[in-house]
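Read the structure below first, then the notes.
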Amino acid sequence: MSRFYITTPIYYINAEPHLGHAYTSMVADAVARAHRLNGDEVFFLTGTDEHGQKVERAAKKAGLPVKAFADETARKFRDILPALNISHDDFIRTSEPRHHAGAQALWRAVRDRGFIYKGKYEGWYCTVDEVFVPETQLVDGRCPTCHGSVEKIEEESYFFKLSAFQQPLLDYYRQHPDFVVPSGRRNEVLSFLEAGLDDLSISRTSLTWGIPVPDDPAHVMYVWFDALTNYMTAVGYGDPSPDAKARFQTFWPADVHLIGKEIVRQHAIYWPAFLMAASLPLPKQIVSHGWWLMDGAKMSKSLGNVARPEDYIERFGLDAIRYFVFREMVLGQDANFGDEAILTRYNADLANDFGNLVSRATTMIHRYCEGRVPTPEPSLLREPEQSLTASAHSAIDKARRLTLAFDLSGALREIWDLVAASNRYIVAREPWKLAKSGTSAELATTLFVVADTVRVIAELLRPFMPGTAEKTLTLVGVTAEPQSWRRLATGTLTPGITLGETLPLFPRIEQSIEELRAMSTGESLDANQPPAAAAPAPAAVPSMQPPAAAPTPVPASGVDGLISIDDFMKVELRVAKVLAAERVPKSKKLLKLSVDTGVDQRTIVAGIAEAYEPDALVGRTIAVVFNLKPAKLMGIESNGMVLAASVEGGKPELVSFDTPPPPGARVR
Ligand code: ME8
């Protein structure tokens, strides 16, 4: 069995937790859960960073003794974890005695090897980031990271001989190309290292809220020396008991420190240098993610533009928020947080794609098979079934690899490809028709394959949406313990087991953002509650739902006019087949098309009447924008857009294919 030790940053307690903190904890949680499913022994650590000038000042402002203030705000960081369904194994506070002992042990180890000396620090300090800023790095006299004001300090200080580690760190980076990921961050670290390192001030005399420096209590440790050590003290460093020593041997070095991009330098330069100085092993990897932005600016306590996780959980439900943040943020890049984007993903991906799949699968088994998983007929597992099974195996393999590599967005994209393939399979097999005119073996086989694929999807969703995964499994009759991802395979659902009662997983939200906000009451969190504003679930059998795909706005392009691949992927282009076509009365240009999108049948109004005769279009394979906001044209609701080339002065020319792919295939 492999071991996997993962940490989040320990959060400053100068204000309440916000969505940025919640995000890091949720990502670490998803990866920790994936490792557990992989059969690894996991240790997942989070906690609070309680010392330093920032917290001391926040306590003063709140009119509280600093210890009382720390207890109160640290509690908020701890209490939010169950509401986010975080599966951490330990929560460390730097004000705990176990941590003091560890930080002092590291100080002694570094000092005794000759890497600490006493001097005087004269220079600038940014309290928001708790960093010393060299004069040459000030930007218009302000902190280069947070753009806040800096203060001049002049005091006796201990220094760490950071300059001695420039070459050892460069050598280490060359030998360990994946030490810091993504690579863009690694390159920044390398440039910083190549520019040379100054020694680092690691103690303060002008504040008392900190860990006393061993043998010189007039100094407290610089908060970053103190804080970084938490990763070791939580697994026993500094505790002489045999138990603690064994724990440290077992878990150190950590496998991953997961952090936001603004604290890479502390983790990728200071921390390894402290450890090298103490002759201790370095963590195996530092994974850094981008920022959640609110209206283009970093969401931060100091700027006060934060989203409270509680508000969004109340509006959309916990798993919808987990899904949104995992799916939306590509590792290393920044992403925008906001209700519109969440609502869009909720209705399109969760209510329409996933919710409808589970609802169709289970409703049909209840209706046609007395609520028990039917027995498939092996000879009827033909091309469509084999193709869906192949998609499921590919999703299992890719989702597992991508999740373990922190590409949660990519993993979810793979899982949603399988959701789409399952929806297409249902449309192609038309079980409601088989129930009327097919053989019972055909119907049983079809519904077994669908239910079994839903089971695979739910097993794959465990790290991302643990509550939803469990509920979905119960809906298809599975109550067993989580299955190892190593053994996860298709075809293992047990025929004859009884399905749970049907219930809507992600009822479509019909309310506007304003209505949702107005309905937020700010009452207590309950991870199991569906969103307050949910509309009843649509019945999706046997008639297909009308277009439920909610609009995904195309983000504005950057200054260079280019969009990222992720922006492009938000536009769902799909293959569709024209089932019927007619002219729109009183319109020269418009045709009303009824199309099969592989997921549903829908109406699209297209401005191609001058170029195409309606009858000539029937049976033709076209490409459509699948997730476009519905719009009314000549009183007809159009759900999507047909892709056609338009030449100046000419007639529109429909996009076509050499060999028509099946409806529902994504066009990229
Ligand atoms: O830096 N987007 O604590 P902190 C994404 N105590 N993640 C965000 C975010 C945003 N807008 N805002 C915060 C500290 N985070 C130190 C760490 S570790 C030894 C000491 C997340 O309370 C992200 O993980 O400022 C970031 O690195 C962390 O919260 C900073 O939390």
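The values are calculated or read from the model by the stated rules, or taken from the named source; none is laboratory data. Since the structure is predicted, the reported quantities are computational estimates derived from the model, not experimental observations. As a convention, Cβ positions derive from the backbone with ideal geometry for all residues, glycine included, and neighbour counts pool all protein chains shown. In case anyone asks, the SASA skips ligands and DNA or RNA and just uses the protein heavy atoms, side chains included. Shrake-Rupley method; radii C 1.70, N 1.55, O 1.52, S 1.80 Å.
Would you mind counting up the charge near Glu188? Only other residues with Cβ under 10 Å from its Cβ, with Lys and Arg at +1 and Asp and Glu at -1.
+4
Treating only the Cβ of Lys, Arg, Asp and Glu as charged (+1, +1, -1, -1), what charge dipole size does segment 286-363 show about its Cα centre? Round to the nearest 20 debye.
For segment 286-363, the charge dipole is close to 160 debye.
Can you compute the radius of gyration and Dmax for segment 232-315, using only the Cα atoms, both in Å?
Reported Rg and Dmax, both Å: 17.7, 52.
In terms of solvent-accessible area of protein heavy atoms at a 1.4 angstrom probe, what is the ranking of Thr453, Thr479, highest value first?
Numbers: Thr453 10, Thr479 120 Å².
Greatest to least solvent exposure: Thr479, Thr453.
Tell me, which cysteines of the chain are without a disulfide-compatible partner by the Cβ under 4.7 Å rule?
Among the cysteines of the chain, those whose Cβ sits 4.7 Å or more from every other are Cys146, Cys369.
Note the full-extension length gain between Thr474 and Val647 as 0.36 nm times their separation in residues minus their Cα-Cα distance, in nm to one decimal.
Extra length from Thr474 to Val647 when fully extended: 56.9 nm.
Tell me the mean residue ellipticity at 222 nm calculated for the chain from its helices only (DSSP H runs of n ≥ 4, each -39500 (n - 2.57), averaged over every residue, nearest 500).
On the way: 22 runs with 250 residues, N = 668.
Result for the chain, helices only: -11500 deg cm²/dmol.
Place +1 on the Cβ of every Lys and Arg and -1 on the Cβ of every Asp and Glu in segment 339-486, take the dipole about the Cα centre, and give the residue among Ser359, Ala444, Asn423 whose Cα lies farthest towards its positive end.
Ala444
Which lysines have a Cα lying under 24 Å from the Cα of Lys577, excluding residues fewer than 8 positions away in the same chain?
Lys433, Lys588, Lys589, Lys592, Lys629, Lys632, Lys651
Over 30 Å between C-alpha atoms is what I'm after, so list which of Lys298/Lys570; Lys152/Lys298; Lys152/Lys245 land there.
Those over the limit are Lys152/Lys245.
Let me know the volume per residue of the alpha-carbon convex hull for the chain, in Å³.
185 Å³
Using amide H atoms built in the peptide plane, which far-off residues or other-chain residues are under 5 Å from Thr48 H to H?
Amide H neighbours of Thr48: Tyr11, Ile92, Arg93, Thr94.
For the Cα atoms of the chain, what angle does the longest principal axis make with the long axis of helix 318-328, in degrees from 0 to 90, nearest 10?
90 degrees
Any idea what the dipole of segment 230-304 comes to, in debye rounded to 20, about its Cα centre with Lys/Arg Cβ at +1 and Asp/Glu Cβ at -1?
On the way: 7 positive and 5 negative charges, 23 e Å.
Taking the Cα centre of segment 230-304 as origin, the dipole is about 120 debye.
Extension gain Ala246-Lys76, at 0.36 nm per residue separation less the Cα-Cα distance, in nm?
Result for the pair: 58.0 nm of gain on full extension.
Against the longest principal axis of the chain, how steep is helix 440-461, in degrees 0 to 90 to the nearest 10, with axes from Cα atoms?
That works out to roughly 20 degrees.
I want to check the label-to-label distance for Asp112 and Glu582. Put each point 7 Å from Cα in the C-beta direction and report it in nm to one decimal.
8.9 nm
Leaving out ligands, DNA and RNA, and with a 1.4 Å probe, what % of the accessible surface on the chain is carbon or sulfur?
51 percent
Work from the charge dipole of the chain (Cβ charges, +1 for Lys and Arg, -1 for Asp and Glu, about the Cα centre) and give the residue of Ile509, Tyr121, Thr229 farthest towards its positive end.
It is Ile509, whose Cα lies furthest towards the positive end.
Quick one, can you get me the convex hull of the C-alpha atoms of segment 383-515 expressed as volume per residue in Å³? Write out the running numbers ahead of the final one.
Values: hull volume 18.5 nm³, N = 133.
It is 139 Å³ per residue.
Any chance you could run the full-extension gain for Ala218 through Arg517? It's 0.36 nm times the residue separation minus the Cα-Cα distance, nm to one decimal.
On the way: separation 299, 0.36 × 299 = 107.64 nm, distance 5.11 nm.
Between Ala218 and Arg517, full extension yields 102.5 nm more.
Among DSSP bridges having both ends in the chain, what percentage is antiparallel? Round to the nearest 5.
Antiparallel: roughly 70 percent of the beta bridges in the chain.
Please give the charge dipole size of the chain, origin at the Cα centre, charges +1 on K and R Cβ atoms and -1 on D and E Cβ atoms. Round to the nearest 20 debye.
Computed about the Cα centre, the dipole is about 1080 debye.
In what sequence, largest accessible area first, do His393, His35 appear using a 1.4 Å probe?
Output order, biggest surface exposure first: His393, His35.
Treat each spin label as a single point 7 Å out from the Cα along the C-beta direction, and report the Lys589 to Asn187 distance in nm.
4.5 nm
Taking the Cα centre of segment 1-153 as the origin and placing charges on Cβ (Lys, Arg +1; Asp, Glu -1), which of Ile153, His21, Pro9 is farthest toward the positive end of the dipole?
Selected residue: Ile153.
Give the accessible surface of the chain per residue, rounded to a whole number of Å², with probe radius 1.4 Å and ligands, DNA and RNA excluded.
In whole numbers, the chain has 42 Å² accessible per residue.
Just tell me which lysines come within less than 16 Å, Cα to Cα, of Lys67; anything on the same chain fewer than 8 places away is out.
Within reach: Lys54, Lys76.
Could you state the angle between the C-alpha long axis of helix 166-175 and the longest principal axis of the C-alpha atoms of the chain, as a value from 0 to 90 degrees rounded to the nearest 10?
30 degrees
Taking 22 Å as R0, compute the FRET efficiency from the Cβ-Cβ separation of Arg486 and Asp90 and round it to 0.05.
That pair, Arg486 with Asp90, gives E of 0.25.
Can you sort Glu385, Glu56, Glu154 by solvent-accessible area, 1.4 Å probe, largest first?
Largest to smallest exposure gives the sequence Glu154, Glu56, Glu385.
At 7 Å along the Cα-to-beta-carbon direction for both His393 and Lys436, put a label point, then send me their distance in nm to one decimal.
It is 3.6 nm.
Go ahead and collect, in residue order, the members of segment 488-515 whose backbone nitrogen is under 15 Å from a label point 7 Å along the Cα-Cβ direction of Arg367.
Label zone hits: 502-503.
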